[in-house]
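Trainee: Below are the structure tokens for one structure; questions will follow.
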Amino acid sequence: QVQLVESGGGLVQAGGSRRLSCAASGSTFSIRTIGWYRQVPGKQRDLVARIDSGGSTVYADSVRGRFTISRDNAKNTVYLHMDSLKPEDTAVYYCNAPGMWANFEYYPNSWGQGTQVTVSS
């Protein structure tokens, strides 16, 4: 099972930038789709961006054009670069590797512990 650890959260002013990192353990990282989600208290956890093993990306409408997801398989790390941050981007950001089958083996769904991003106005 892949272990995920997020970092890079903190306080940033509106209009600023921040880069989050999701470091993964395990040998299967390069074949895993990795997603960034965010959650505010009392609301569901929503997809922010996702990148698959081939580098194809998906973005939520609310962040498209401002956020960029990328991966470095040599470092077992996925990044979320956030530009033009808004107060409504304030949330706990989580890294996720959805469960999948590969080579007749099942790799379960995995979440990181989350990192807080606070955007001040």
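The values are calculated or read from the model by the stated rules, or taken from the named source; none is laboratory data. Note that the structure is a prediction, hence the values are computed from the model and not measured. Cβ sites come from the backbone with ideal geometry, for glycine too, and all protein chains shown count toward neighbours. Protein only, heavy atoms only, side chains kept; ligands, DNA and RNA dropped before computing areas. Shrake-Rupley method; radii C 1.70, N 1.55, O 1.52, S 1.80 Å.
Trainee: Assigned to a strand (DSSP E or B), small (Gly, Ala, Ser) and either open to solvent by less than 70 Å² (accessible area, probe 1.4 Å) or on the phi < 0 side of the Ramachandran plot (or both): is that true of residue 70 in this structure?
Mentor: Numbers: assigned to a strand (DSSP E or B): yes; small (Gly, Ala, Ser): yes; either open to solvent by less than 70 Å² (accessible area, probe 1.4 Å) or on the phi < 0 side of the Ramachandran plot (or both): yes.
Answer is yes for this residue.
Trainee: Quick one: how many residues across segment 104-121 are more than 18 Å from the chain's Cα centre (by Cα) and over 13 Å from residue 32 (Cβ atoms)? Quick ask: steps written out before the conclusion?
Mentor: Quick first cut of segment 104-121, residues more than 18 Å from the chain's Cα centre (by Cα) only: 104-107, 120-121.
If we keep only those that are over 13 Å from residue 32 (Cβ atoms) too, we end up with 104, 120-121.
Going through segment 104-121 one residue at a time, the tally reaches 3.
Trainee: Looking only at segment 66-91, which residues are in contact with a strand residue (DSSP E or B) (Cβ under 6 Å, 6 or more places away or on another chain), of a type outside the set (D, E, K, R) and free of Cβ contacts under 8 Å to residues at least 60 places away in the same chain?
Mentor: 67, 68, 69, 70, 76, 77, 78, 90, 91
Trainee: Related question: Given the structure, is residue 62 among the hydroxyl-bearing types (Ser, Thr, Tyr) and either outside any strand (DSSP E or B) or surrounded by 17 or more Cβ atoms within 10 Å (Cβ to Cβ) (or both)? I'd like the intermediate steps shown before the answer.
Mentor: On the way: among the hydroxyl-bearing types (Ser, Thr, Tyr): yes; either outside any strand (DSSP E or B) or surrounded by 17 or more Cβ atoms within 10 Å (Cβ to Cβ) (or both): yes.
It is true that residue 62 is among the hydroxyl-bearing types (Ser, Thr, Tyr) and either outside any strand (DSSP E or B) or surrounded by 17 or more Cβ atoms within 10 Å (Cβ to Cβ) (or both).
Trainee: Looking only at segment 73-121, which residues are open to solvent by less than 70 Å² (accessible area, probe 1.4 Å), over 23 Å from residue 45 (Cβ atoms) and in contact with a Lys or Arg (Cβ under 9 Å, 6 or more places away or on another chain)?
Mentor: Matches in segment 73-121: 102 only.
Trainee: Got a sec? Which of 99, 55, 10, 26 is at pLDDT 95 or above and more than 18 Å from residue 117 (Cβ to Cβ)? Outline the logic, then answer.
Mentor: Details: 99 fails: at pLDDT 95 or above; 10 fails: more than 18 Å from residue 117 (Cβ to Cβ); 26 fails: at pLDDT 95 or above.
Answer to the check: 55.
Trainee: Follow-up. What are the pairs with Cβ atoms under 9 angstrom where one residue, in segment 36-57, is on the phi > 0 side of the Ramachandran plot and the other, located anywhere, is part of a strand (DSSP E or B) and of a type in the set (S, T, N, Q)? Sequence gap at least six, or different chains.
Mentor: Close Cβ pairs (under 9 Å, with a partner that is part of a strand (DSSP E or B) and of a type in the set (S, T, N, Q)) amount to 55/70.
Trainee: Looking at segment 1-53, which of its residues are open to solvent by less than 60 Å² (accessible area, probe 1.4 Å), of a type in the set (D, E, K, R) and assigned to a loop (DSSP other than H, G, I, E, B)?
Mentor: Within segment 1-53, 32, 52 meet the criteria.
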